[in-house]
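Engineer: Before I ask anything, let me first share the structure, which is written out below as structure tokens.
The values are calculated or read from the model by the stated rules, or taken from the named source; none is laboratory data. All values reported here derive from a predicted model rather than from experimental measurement. Cβ atoms come from the backbone with ideal geometry, glycine included; neighbour counts cover every protein chain shown.
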Amino acid sequence: MSVGVGDDWIDEVFTADERKLCERGIDPTLLLARGFSGKEACLKALGTGRTADIDWHDIEVLQTDPSASLRLSGGALQELQGLTPASYEPVLHACFGCRDRASHRHDFGGPAAVTIAPVRSETADR
């Protein structure tokens, strides 16, 4: 993928699934930038920053249309599980850009925010 950055860097930061989704988009460069900012925002939400225990591939930002989902594995998943109280399940939310309140339009570029909220598991009371 020729987007102005090296393939080695793209391979280091993005999984094969993330690359495929970015390559299929109208603006692969924007999608890569959003994906990277989503990974950084997730590291901040986890409270760790990048560590030896959390690899870039441990956080996947899977973008479809203007929305994105997060898939954690490895060290990132372990950190999330450590933050989540017993009998709760974590809910991750990624948000890109901002909403123009006057026109009700969204700008889907720009910075990312990731929130992590524990939600009581339905099986906890059983």
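Engineer: Inside segment 59-89, can you point out the residues that are of a type in the set (Val, Ile, Thr) and at pLDDT below 80?
Structural biologist: If we filter segment 59-89 for residues that are of a type in the set (Val, Ile, Thr), which is where we start, we get 59, 61, 64, 84.
Result: THR64, single match.
Engineer: What is the residue count in segment 90-126 for residues that are surrounded by 11 or more Cβ atoms within 10 Å (Cβ to Cβ), modelled with pLDDT of 55 or more and out of contact with any helix residue (DSSP H, G or I) (no Cβ under 7 Å at 6 or more places or on another chain)?
Structural biologist: Of the residues in that region, 10 qualify.
Engineer: Can you report the number of residues in segment 38-58 which are over 20 Å from VAL91 (Cβ atoms) and small (Gly, Ala, Ser)?
Structural biologist: The total comes to 2.
Engineer: Now, a different point. Can you name the residue in segment 41-89 that is in a strand (DSSP E or B) and small (Gly, Ala, Ser) and is also surrounded by the most Cβ atoms within 10 Å (Cβ to Cβ) among such residues? Before the answer, list the steps.
Structural biologist: Keep residues of segment 41-89 that are in a strand (DSSP E or B), which gives 59-64, 67-72, 88-89.
Narrowing further to those that are small (Gly, Ala, Ser): 67-69.
Values: SER67: 11, ALA68: 22, SER69: 13.
Residue satisfying both the conditions and the ranking: ALA68.
Engineer: Give me the pairs, please: first residue somewhere in segment 10-30 and in a helix (DSSP H, G or I), second residue anywhere and aromatic (Phe, Trp, Tyr), beta-carbon distance under 6 Å, and either six or more positions apart or on two chains.
Structural biologist: VAL13/TRP56
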